[in-house]
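Written below as structure tokens is the structure these notes are about.
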Amino acid sequence: MNYDERTDEQTVRDILAGSSEDFAVLVSRYQKYIFNIGRRFYHNEDDALDFAQEVFTRVFSRLSTYKGISPFRFWLFRIAYNAGINGAKYSRQDAVLDETMPVDSGEPDPEKQHIQGEIKKILMEAVEQLPEKYRICVDFYFFYGLSYSEISSITGFPVNTIKSHVFRAKKSLREKLKGTEAEDYYEV
Amino acid sequence: MKCEHITDIYLKAGRSGAIPFSVRIHMLTCSKCRKEIEAFQMIQNSLMEEGPDDIPAEKDLCSSVMQQISLMPGYKEPRISSMKWILAGMVILTGIFLIPFNPSMQWIRNYFGELFDVSLTLVLGLAVSLYCSAFAATHIRPAVLKEKFNRLFQSQI
């Protein structure tokens, strides 16, 4: 849990001004995002952790090139995505969802935890039906809060292609959620 | 059929915009779609709020990344801000100036005599010098000093 209230951009400014130890704030804030990008490319936890560490080291060394035009998180995700694409160990075998991964334990409501876990599982099943290289687009859309154009800018895929894959994932999610606990939980 | 078409329009819409107008109109008249869309919207928001799966707690990357970057050339050691240094320095100086007005100090001086003043002055002088040296060592960078010196030198020429 991270209690630092500074924005990413303020934190970057502080780091560049000489407070290098503040980089830990950014690592703590984004490690799970970068780790999960790593999982999309490497399909196993250890390689994904090495990948995340490598990305953060790269980000630190390039921090002075961050101009602050786009949000920091967007810049970070782009570096991570490019690192994943260019990674020597990039494996083309079908992604296998690591079932051993725990769901966020910081949430105090166990029922919500359970429901969220169910939704994630359904969404991941829907994602598995997509071509491998587009699966990360769905992650970016649902979990990273990026828009179609931002995803396109990071991945280089056309907006319409991303839209169509996200649409397929949404439709599949909607179908599979029907009649589940998750639908009842969120029904208003 | 219409409900299905409307739901598709909703699902095609992106994150940035609001719910499309045609969908909102339909939602006013169709409670089934309204419930379904509102529930789906909440599910999407909850997924985004929660983000992807967490890293296992025992594999937290903070310490390993910080250890690695601490060896990199751009890393700067943690510093105490100048303001805190100056405030602490002012507190120390104020304390030193107030020493003669302390009644206990008068008693100690009477008891030990003039020599106590000399030794106290030496100790305080040493403490202030150490404080100033520590400040200079942590705040003055040779490269910046050299740059300032060059600028001063050039302006005099």
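Roughly how crowded by other chains is peptide A:47-56, in terms of the mean Cβ count from those chains within 10 Å of each of its Cβ atoms?
On the way: counts 0, 2, 5, 0, 0, 5, 5, 2, 2, 7.
Whole-number average of other-chain Cβ neighbours for A:47-56 is 3.
Ranked by Cβ crowding within 10 angstrom, fewest neighbours first, how are A:His165, B:His5 ordered? Before the final figure, lay out each step's value.
On the way: A:His165 21, B:His5 11.
The fewest-first ordering by Cβ neighbours comes to B:His5, A:His165.
Answer with one residue from B:Ala57, B:Phe40, B:Ser70: the one whose Cα lies farthest towards the positive end of the charge dipole of the stretch B:13-75, charges on Cβ with Lys, Arg +1 and Asp, Glu -1.
B:Phe40
Let me know the charge dipole size of chain B about its Cα centre in debye, to the nearest 20, where only the beta-carbon of Lys, Arg (+1) and Asp, Glu (-1) is charged.
Working: 16 positive and 14 negative charges, 132 e Å.
In total the dipole reaches around 640 debye.
Using all C-alpha to C-alpha distances in the stretch A:132-174, build P(r) with 5 Å bins and read off the rounded percent in each one.
6, 28, 38, 23, 5, 1
Can you give the average number of partner chain beta-carbon atoms within 10 Å of each beta-carbon in peptide A:158-165, as a whole number? The partial results should precede the final answer.
Working: counts 0, 1, 0, 0, 1, 3, 1, 0.
Averaged over the peptide's residues, the number is 1.
For the Cα atoms of chain B, what angle does the longest principal axis make with the long axis of helix B:31-50, in degrees from 0 to 90, nearest 10?
Rounded to the nearest ten degrees, it is 30.
Tell me which residues come under 5 Å, amide H to amide H, from A:Gly18 once H is placed; ignore anything under 5 positions away on its chain.
none
How large is ³J(HN,Hα) for each residue in the stretch A:113-126, as worked out from phi by the Karplus curve 6.51 cos²θ - 1.76 cosθ + 1.60 (θ = phi - 60°), to whole Hz, x for Gly and Pro?
For the stretch A:113-126, the Karplus curve yields 4, 5, 4, 4, x, 5, 4, 4, 5, 5, 5, 5, 5, 5 Hz.
Let me know the Kirkwood hydrodynamic radius for chain B, please, with Cα pairs as the basis and the value in Å to one decimal.
When all Cα pairs of chain B are included, the Kirkwood radius is 24.4 Å.
Values in this text are rule-based calculations from the coordinates and carry no lab data. Everything numeric here is computed off the predicted structure, so don't read it as measured data. Methodologically, a virtual Cβ is constructed for each residue, glycine included, from the backbone with ideal geometry; neighbour enumeration extends over all protein chains shown.
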